[in-house]
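Remarks on the structure that follows.
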Amino acid sequence: MKTSRDPRHKVRQNAVRALFAESFIEQGKKNQKIKKIISNLAKIDSVINDIAPEFPIEKINRVDLAILRLGVYEILIDKTQPKKVIIDEAIELAKEFGGEHSAGFINGALGKLIKDISKYEHTKV
């Protein structure tokens with residue numbers, strides 16, 4: 001069972017913090033994962049617009065947006081963890097950092113991504 005001290009969870013926590021900070025002002029020092037997410041941001045945000053069409057990017061809570069960006073990146077680009085693990089981690093991060101409805105929103109959006117994954121796997125993200 002995952003614990004809050006799990007090194008992979010810590011990496012994801014730090015990634016969410018960095019992406020959240022980046023949403024306000026460009027950060028100087030970035031690790032490789034954050035650089036890859038930011039370099040693919042337009043494509044990742046396009047997927048987010050598609051999986052959560054009722055919430056335009058600029059209206060999504062910035063913490064939730066950071067978690068979604070990380071989740072979409074890990075599912076479609078990084079592909080080093082099972083999709084279920086990525087979604088479970090995203091939900092945990094939403095409970096930890098987000099608001100009252102964040103976990104449900106994240107679960108719904110990433111669940112839609114997984115449901116329609118073939119639509120995104122054929123396009124270069």
For this session: All but one of (1) touching a residue at least 24 places away in the same chain (Cβ under 8 Å); (2) surrounded by 15 or more Cβ atoms within 10 Å (Cβ to Cβ) hold for ASP116, so report the exception by its number.
Result: (2)
For this session: Output the residues belonging to segment 18-35 that are of a type in the set (D, E, K, R), surrounded by 14 or more Cβ atoms within 10 Å (Cβ to Cβ) and assigned to a helix (DSSP H, G or I).
Result: GLU22, LYS33
Exercise. Scanning for something under 21 Å from HIS9 (Cα atoms) and aliphatic (A, V, I, L, M), does segment 23-37 turn up at least one residue?
Worked result: yes
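A short reminder: the numbers here are calculations on the coordinates, not readings from a lab. Bear in mind the structure is a predicted one, so any value in this text is a computation, not a measurement. Cβ atoms come from the backbone with ideal geometry, glycine included; neighbour counts cover every protein chain shown.
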